[in-house]
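The block underneath contains the structure these notes are about, expressed in structure tokens.
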Amino acid sequence: MTGKTIDVNGRAYAWPQEPLVVICCDGSEPAYMDVARQQGIMPNLDRILGKGEAHLAKSVIPSFTNPNNLSIVTGRPPAVHGICGNYLIDPETGQEVMMNDPKFLRAPTIFASFQDAGAKVAVLTAKDKLRLLLGKGLSFGDGSAVSFSSEKADQCTMEAHGIENVCEMVGMGVPEVYSAELSEFVFAAGVKLLGSMRPDLMYLSTTDYVQHKYAPGSDGANAFYAMMDKYLGELDAGGAAIVLTADHGMKDKHLADGEPDVIYLQDVFDDWLGKDAAKVILPITDPYVVHHGALGSFATVYLPEGADVAGLVDRVKALDGIDACYDRAEGCRVFELPEDRTGDMIVVSGGATHTKVIGTSADKHDLSGLNEPLRSHGGISEQVVPIIMNRKTVNLPGDLRNFDAFLVGCNHLAQMAEAAE
């Protein structure tokens, strides 16, 4: 396939000359690996960087899991692929729904396009909420595609996932959802499939349970990154070209006493406009909120007909801890979001200490599962992420985005570029 290129959403991807593994380490603030390396617990990453490169990139806003994973696997921002959060008001029905149904995805994935062209692809994710979105357009049963989640690895079939007996292959049982092992299962399965299937493209997407609980340099964080380092070494030794990035960063979101630092925005609008006249939507909301209480740094607000949008934007901007507030059109232009899936206002919090998060009403958030001071994401302060390659690059684009990961891996790794010539 030397010299062959595949067009996906207006970008041309060269056919990889060796297995390309793109890793999305969920919530991996750059400091996690920086501190771990300083403490000597990521020797494989040190070795990889000796022959590769490390850069910083920006995620899409909102800096949440679903929008960024889908940006990475389509190579485009949410304005193109349509996934702008984990949760929205469906414009067709007016109902509040999870945005994990493949019907919401408006652009083909890189995987589906490459499989159509004859490539073998493997798509592994920690939580099943992402699996259907990431695997949209794939066909299973002929050995050219595998897609499954750690969460439901014991339920895989050839017809629906392209694989069966996954736990036996990996040598692990199905992990708890709220555990580091959920991510380890992804890495372990990736190593196994690299050796047995030898996919042209493989995507490994983890969960940020650890990053929500543990700050960089803590014992819990270091244990996770030591584990990841082991598998990075095995993937590298297996002959894969690796591009490692993250969907978003992570920051402390609490006061000095450990209590969450929250703006309850629904309560604010209830005070200004009357009870439930406006509707605040938190796109971080999903079925797995124990570790963050559905508190993040991004919200959209649906306003009553005739509301003074410009005046309300100014009032929200004046609130302590607000980094940005826009009307729908301007916010979607700035953050590259689909207008039909966004409220009348877009609000991003953080403040001078980056600690502010947004809630709806104080009585609507169950924070009983927060057994550590809150760490979360969603805002501009969690937009910077690492992008690491185990090969030198050529003609690397400026202003890297995390959704350039496959483009970098296909077009800008020196070894692949030389082979393509």
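The values are calculated or read from the model by the stated rules, or taken from the named source; none is laboratory data. Please read these numbers as outputs of a predicted model, since none were measured by experiment. Every residue, glycine as well, gets a Cβ built from its backbone with ideal geometry; the counts of neighbours run over all protein chains shown.
Just to be sure, is GLN211 in contact (Cβ under 8 Å) with a residue 24 or more places away in the chain, crowded, with 18+ Cβ neighbours inside 10 Å, under 19 Å from the mean Cα position of the chain (by Cα) and outside any strand (DSSP E or B)? So GLN211 fits the description; yes. Here ASP116 fulfils each of the conditions (1) modelled with pLDDT under 95; (2) surrounded by fewer than 16 Cβ atoms within 10 Å (Cβ to Cβ) apart from (1).
What pairs come out if I take residues in the stretch 349-378 that are among the β-branched types (Val, Ile, Thr) and pair them with residues that are assigned to a loop (DSSP other than H, G, I, E, B) whose C-beta lies under 6 Å away, six or more apart or interchain? Sorted first by the residue in the stretch 349-378, then by its partner, the pairs are THR355/LYS253; THR355/ASP261; VAL357/LYS253; VAL357/LEU295; VAL357/SER297.
Can you name every residue in the stretch 392-414 that is of a type in the set (A, V, I, L, M, F, W, C), in contact (Cβ under 8 Å) with a residue 40 or more places away in the chain and not in a loop (DSSP other than H, G, I, E, B)? Listed by number, the residues that qualify are PHE403, ALA405, PHE406, LEU407, VAL408, CYS410, LEU413.
Looking across GLY52, GLY94, one residue alone is free of Cβ contacts under 8 Å to residues at least 12 places away in the same chain, surrounded by fewer than 24 Cβ atoms within 10 Å (Cβ to Cβ) and farther than 23 Å from GLY379 by Cα. It is GLY94.
Of all residues being surrounded by fewer than 24 Cβ atoms within 10 Å (Cβ to Cβ) and in contact (Cβ under 8 Å) with a residue 40 or more places away in the chain in the stretch 194-208, which is nearest to ALA14 (Cα to Cα)? Just the residue, please. Out of the qualifying residues, it is ASP200. Taking the stretch 329-353 as the range and being closer than 20 Å to ASN68 by Cα and either of a type in the set (A, V, I, L, M) or over 20 Å from the mean Cα position of the chain (by Cα) (or both) as the test, the residues that pass are GLY331, ARG333, VAL334, LEU337, GLU339, ASP340, GLY343, ILE346, VAL347, VAL348. Of all residues in the stretch 135-171, those satisfying the criterion of being surrounded by fewer than 24 Cβ atoms within 10 Å (Cβ to Cβ) and of a type in the set (A, V, I, L, M, F, W, C) are LEU138, PHE140, CYS156, MET158, ALA160, ILE163, CYS167, MET169, VAL170. In the stretch 252-289, what count of residues is obtained for those that are at pLDDT below 95 and among the polar types (S, T, N, Q)? Residues in the stretch 252-289 being at pLDDT below 95 and among the polar types (S, T, N, Q): 1 in total. Considering only the stretch 23-65, state which residues are within 20 Å of the chain's Cα centre (by Cα) and either outside the structural domain of TYR231 (by TED's automatic domain parsing) or of a type in the set (Lys, Arg) (or both). Selection gives LYS58 alone.
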